[in-house]
Amino acid sequence: MVELVAGVEEKGIPDGLPAGRQARSRGVSFEASTDGNEPETGPATRLKNFGIELLNMKFYKVSWKELETDCFALYKKIKKYKFDRILCVSRGGLVWARMFSDLLGNLPISHLTAVSYTGIHKQKNVEITELPEHKKLNNQTLLVVDEIADHGKTFAKVKEYLRTLKIKKYYTLAPIIRTYIKPRPDFYLKIIDDWIIYPYELKETYKAFFKIYKTKEKALKMLLKNGFKEDNFKGLF
C-alpha cells in the first residue's frame, strides 16, 4: 500500500519520535525448539509463520529518479524552516542527508549511528553506537534525518540523547513511514507498509533475498521480478 502524504507537524520537540531502520529489522533471529513439546504459539510456530510471511511479502523498489523527486518534494515542505545543521542517523540517512544538505544551502552534517538488535522472546532494542561531537550541536536547530520511520524506536532513542544536550530545537524527517507509526515524524512524504528497497543497498538486498528464498536462482528471480536487472549484480560477488 502506498499513500502519498505531505506531512509536517509544526511544533518544537515532539513528545514521541517514531522512526527506525527497516533494514535493521530484517535480521530477526528465531530458534525453533526440537523437543516436540513446543506449544502452537511457541518459537517453532512463529518461525513457520514468519517464513510464510516473508515468502508472501510485498516489495516497493525506490529508483534513483524517485529518490531525487522525493527529496525535492520534501525540500518544498522544509525550506521555510531555519536549520543550523543536519543530524544524520547512519547508515540509513546518509544519502538523504547529503542531498538535503545541498538543497538547504550546504548545511553541515553531523552523524549518529543507531543499531537495533532483535532475538527470540526479545523486544527490539536500539543502541546508539557512535555519537557526534557535542559542541557542534549546542544552541542549534537540527534536522534529524533517517530513511524510514519503521518500528518507532530509533527517533525515540535519538530524542533521549538530544535531551542531554543544550540544543534549541530539532525536527525529525523520514521520507517513508508505516501506517502504524504514532506519533509521526515532523516531516514525511509517503506511507508504505511494503518492504522498501532503496537503490543504494544492492548487495544488502541480494543477501536478504538469498536468506529468504534459500537459493541464488530464486533470489535473483525475485530481484528481477521487483525491478532489478541482472547487470545490477554483476561483479558484486
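Only the coordinates and a few stated rules stand behind these numbers; no lab work does. Bear in mind the structure is a predicted one, so any value in this text is a computation, not a measurement. Cβ sites come from the backbone with ideal geometry, for glycine too, and all protein chains shown count toward neighbours.
Annotations
- Calculated FRET efficiency, residue 232 to residue 194, Cβ-Cβ distance, R0 = 30 Å: about 0.95 to the nearest 0.05.
- Pairwise FRET efficiency - residue 66 versus residue 106, Cβ, R0 = 25 Å, nearest 0.05: 0.55
- Added length on full extension, which subtracts the Cα-Cα distance from 0.36 nm per residue, residue 160 to residue 212: 15.3 nm
- Label-point gap, in nm, between residue 84 and residue 113 - each point 7 angstrom along Cα→Cβ: 2.6 nm
- Placing dummy labels 7 Å off each Cα toward the beta-carbon, the span from residue 57 to residue 133 is 3.9 nm.
- With both labels modelled 7 Å from their Cα along Cα-to-Cβ, the residue 77 to residue 168 distance reads 2.2 nm.
- Difference of contour (0.36 nm per residue) and Cα-Cα distance, residue 202 to residue 141: 18.6 nm
- When the listed pairs 82/135; 136/169; 168/190; 190/211; 61/216; 76/135 are checked against a 25 Å cut-off, the alpha-carbon distance exceeds it for 168/190; 190/211; 76/135.
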